[in-house]
1. Give me, ordered by chain and number, the residues 5 or more places off L42 or on other chains with an amide H under 5 Å from its own placed amide H.
2. Hey, can you rank 14-27, 50-63 by average C-beta count inside 10 Å, highest first?
3. Could you size up the charge dipole of the chain around its Cα centre, putting +1 on the beta carbon of Lys and Arg and -1 on that of Asp and Glu, and report it in debye to the nearest 20?
4. If I stretch the segment between D25 and E97 completely, what's the gain in nm (0.36 nm per residue apart, minus their alpha carbon distance), one decimal?
5. Quick one: Karplus J couplings for the range 79-94, per residue in order, coefficients 6.51, -1.76, 1.60, θ = phi - 60°, nearest Hz, x for Gly and Pro?
6. Mark the label point 7 Å from the Cα of E135 along Cα→Cβ and return the residues of the range 56-89 whose backbone N is within less than 18 Å of it.
7. Would you mind computing Rg(Cα) / (2.2 N^0.38 Å) for the range 45-136, counting N as its residues?
8. For the peptides 103-116, 122-135, 75-88, what is the packing order when you average, over each peptide's residues, the other Cβ atoms within 10 Å and list the highest mean first?
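The values are calculated or read from the model by the stated rules, or taken from the named source; none is laboratory data. Note that the coordinates shown come from a computational prediction; the quantities given were computed from them, not determined experimentally. Every residue, glycine as well, gets a Cβ built from its backbone with ideal geometry; the counts of neighbours run over all protein chains shown. Only protein heavy atoms, including side chains, enter the accessible area calculation; ligands, DNA and RNA are left aside. Shrake-Rupley method; radii C 1.70, N 1.55, O 1.52, S 1.80 Å.
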Amino acid sequence: MAVSAADPRRVGIDELLEQVRSGLDRVEAREAFDAASGGEALLVDIRYAALRERDGLIPGALVVERNELEWRLDPQGSHRAPEATHHDLRVIVVCNEGYASSLAAASLRQLGLHRATDLVGGFQAWRTAGLPVTEA
């Protein structure tokens, strides 16, 4: 059965983003810095290489391309990163401006990482807040 344009099951990206974000405890840049610095959270940078090369890196953040995220962060996965030790891990996903990271955090929650969230404003908010950045 085809879905018509008037079908109420259709959701635009803005509505989907709003729905996803309503289930996340999103964090501001300073809170993300404090959580990562205190060993309470793992920052995961999902920006693509060109943005990392252009803007730099967040020291200590795990870099995982978006298309590999679920495989690398699933604690039960055969391709998991060493940092992905358990489902209670607090993961803060960082994209460039805080949009793709919300969708990525929701995907991680579907894998059982119930504390996954994202950085409001992404890397750009981190940099604007004057937090540490190194060259790629």
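1. Excluding prolines and chain starts, which carry no amide H, the hits are R90, V91, I92.
2. Answer by packing, highest mean first, reads 50-63, 14-27.
3. It works out to roughly 140 debye.
4. Length gained, D25 through E97: 24.2 nm.
5. Values, residue by residue: 10, 5, 6, x, 6, 7, 8, 7, 6, 8, 4, 8, 10, 10, 7, 10 Hz.
6. The answer is 56-60.
7. Compared with the compact-globule rule of thumb, the range 45-136 sits at 1.03.
8. Sorting 103-116, 122-135, 75-88 by mean packing, highest first, produces 103-116, 122-135, 75-88.
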